[in-house]
Amino acid sequence: MCLDIMEKDPNSDLAQMYGNAVLLPVGRASAYTRRIAAAAGRDKLLGSIQWLGVYNTKPDYSIQLFGYALPQIMLGAKAYENYRINYMYDKGWWPNAIECHKMIRILEQWGIRESDTPDTTCLLLSRASEDWWRTKLEGMCGEQAGGDVSFNLLYAGDDINKAATKTAGSERDRVLKMDALRGVGAKLAMESMLCENGIPYKVAFTDRMDNLENLKRFKLLVMPFSYSLSKDALKKITEAVDAGTKLIVFEQLAPVDEFGNPYQEPLLKQLLGNKNVVYVKDNLAAVGNSDIKRAEYVKMMDGILAPSGYSFNANGAPVECIVSCLPKQEGFLVYLGNWSTKKDELVKPVISLPFEDAKYKAEAYSAVTKTLNDLDLAGNPGAFDGKSLKSFSVDLAPGEVKLLRIYKAK
């Protein structure tokens, strides 16, 4: 889908989120939801709960459904639909469907419709960059340009990587065709990195000027692959940088404009040397899955985002954390989903939130125990002092989803 040109049509009611970001489980639904929110508007998100991806999974691994549906709700879906509803009955998933709807209702009662992702990080994506880069490299190939090539695409599923392949005419063409997807690979690598480390973020398309208003409200802007950029978009980004927002640019410095025409010199080059700009030469599509490199990037981002008060550490476990802020600084809603299948192994992710100098209470709903209980975060029951709680941990069983509400005590 060309999300960058999906305008916020006043005649449309909803934008269907049918699909995913082709990531590993953590972030698969949430990364895609964030893209759709930037394209169509957060007020038009339609959660599409499809069953094709779960009907071959045993119903006791319920996160296969909850981890797909609930992140969409956490990130602003105003409505949801079920596709292939017969699989609910035929494969034993109906009780999980009921449980999923129950958790959606709990989030609704807690105020999810009025809450929003905190303005800490904005991922600046560019469909034009992906396309103009691919056009350039396809044009360098021989007669086989546009054909299929034998290679493994980072994060792609078996439907792509195990498909029957048609090799290109030469080794050079095979390399070029693989590299033609560099922009896509860079985007996926950064999305997975943000999601797996629980960094709250929103998406803006640099191809869409309506997405670029008031970027200075964010503490951090990240550009994973900016091959193409307009001068108008640069102006908006520069305004944010001059106002104190930090910018991390990976590899590409926008050598071409929005129409694919080359500049005399890369457009983003003029921002290099600014104290608020960090340039990383790494090609994320090539090294973005390296544990060493990912740790390096996350450390850099954590250093910038530390004053925001948000942090998350899953201690290596495949846990997704999504935080949404209640209005008027009344507290937080937190989604935690543990995708681990290791039997009887509890994980204890550590979370930090920017509590104010006030008394808070907390409660949690577990999809495993199906109970709503008060949550003891500070070592003693009842209300706790927000300023004294630097961080807290929550136990998660394999495949468990928990919903947390942390709110100011009245």
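The values are calculated or read from the model by the stated rules, or taken from the named source; none is laboratory data. Bear in mind that the values here come from a model prediction, so they are computed numbers and not experimental data. For neighbour counting, all protein chains shown are included, and Cβ atoms are generated from backbone atoms with ideal geometry for every residue, glycine included.
Being β-branched (Val, Ile, Thr), within 23 Å of the chain's Cα centre (by Cα) and surrounded by fewer than 14 Cβ atoms within 10 Å (Cβ to Cβ) is a condition met by no residue of the range 317-336.
Restricting Phe205, Phe250 to those that are within 21 Å of Leu137 (Cα to Cα), modelled with pLDDT of 95 or more and buried (at least 19 other Cβ atoms within 10 Å of the Cβ) reduces the list to Phe250. Determine whether the range 104-118 contains at least one residue that is modelled with pLDDT of 80 or more, of a type outside the set (Ser, Thr, Tyr) and within 27 Å of Leu247 (Cβ to Cβ). So far as the range 104-118 goes, yes, one or more of its residues are modelled with pLDDT of 80 or more, of a type outside the set (Ser, Thr, Tyr) and within 27 Å of Leu247 (Cβ to Cβ).
Taking the criterion of being charged (D, E, K, R) and farther than 21 Å from Asp242 by Cβ, the residues of the range 254-278 that qualify are Asp257, Glu258. Set side by side, the residues Ala69, Ala128 differ, and just one is touching a Gly at 6+ places or on another chain (Cβ under 9 Å) and farther than 30 Å from Ala180 by Cβ, which is Ala69. Scanning the range 274-300 for residues that are of a type in the set (Lys, Arg), part of a helix (DSSP H, G or I) and either free of Cβ contacts under 8 Å to residues at least 12 places away in the same chain or surrounded by fewer than 16 Cβ atoms within 10 Å (Cβ to Cβ) (or both) gives Lys293, Lys299. The one condition from (1) of a type in the set (Ser, Thr, Tyr); (2) closer than 17 Å to Ile248 by Cβ; (3) in contact with a Phe, Trp or Tyr (Cβ under 8 Å, 6 or more places away or on another chain) that Tyr297 does not meet is (3). Whenever a residue of the range 110-139 is assigned to a helix (DSSP H, G or I), its partners that are modelled with pLDDT under 95 and of a type in the set (Val, Ile, Thr), lying with C-beta atoms within less than 6 angstrom and at least six residues away or across chains, give the pairs Glu130/Val184.
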